[in-house]
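Worksheet: one structure, shown below.
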């Protein structure tokens, strides 16, 4: 894919979504990060080529693709749905993005300390509200929401000083106090943090 095609795909959410099957497009407005939010968060998370960013609950990897297109560093997403990871990696390959990938799995399997930045768009919420579920291919429950939320909070506490964190649609009370809020965007929905 040439630079003009890539520019077109990243020109709007609608253009980006056009690359995906209908059932994926339908999920975009509610479940995938808007491009402008992704560009802002990725710019903060990846200040240089040594940045290694993890997107927890990546879906088809929209954040990772947008970040990789505009920023240095390497963007990895983890997604429990195998079909989303497969489709996302297919589009990443088609775009020729060499600094992004989606892995199939659960974030509990990861060592987050391998990453310098974390992006989190409240992917656990579908465990609480059935109407927010992307599909019925994975187990969901309020107990899993509690387990995942506690595990993420504990892992964020263990991250080294200087770790960058971007949260979208997440309350300040859900982030460990060792992270200092740097700035907010998009009506305070996107919060950018650095661990002290």
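Consider all pairwise Cα distances in segment 1-110 and report the whole-number % of them above 23 Å. Present the calculation step by step, with values, prior to reporting the outcome.
Details: 1088 of 5995 pairs.
For segment 1-110, the share of Cα pairs beyond 23 Å comes to 18 percent.
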*In bins 10 Å wide, starting from 0, what share of all Cα pairs of the chain does each bin hold, as a percent?*
9, 39, 39, 13, 1
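Over the chain, what is the relative contact order in whole percent, taking alpha-carbon pairs under 8 Å and six or more residues apart? Write down the numbers at each step before the final one.
On the way: 343 pairs, mean separation 33.9, N = 196.
Relative contact order, the chain: 17 percent.
Given the -39500 (n - 2.57) contribution per DSSP H run of 4+ residues, what per-residue ellipticity at 222 nm results for the chain, rounded to the nearest 500 deg cm²/dmol? Kindly include the intermediate steps, with their values, before the conclusion.
Working: 7 runs with 73 residues, N = 196.
Computed ellipticity for the chain at 222 nm equals -11000 deg cm²/dmol.
Any read-out appearing in this document is the output of simple, stated calculations on the displayed coordinates, not a laboratory observation. What you see is a predicted model; the values in this text were computed from it and never measured.
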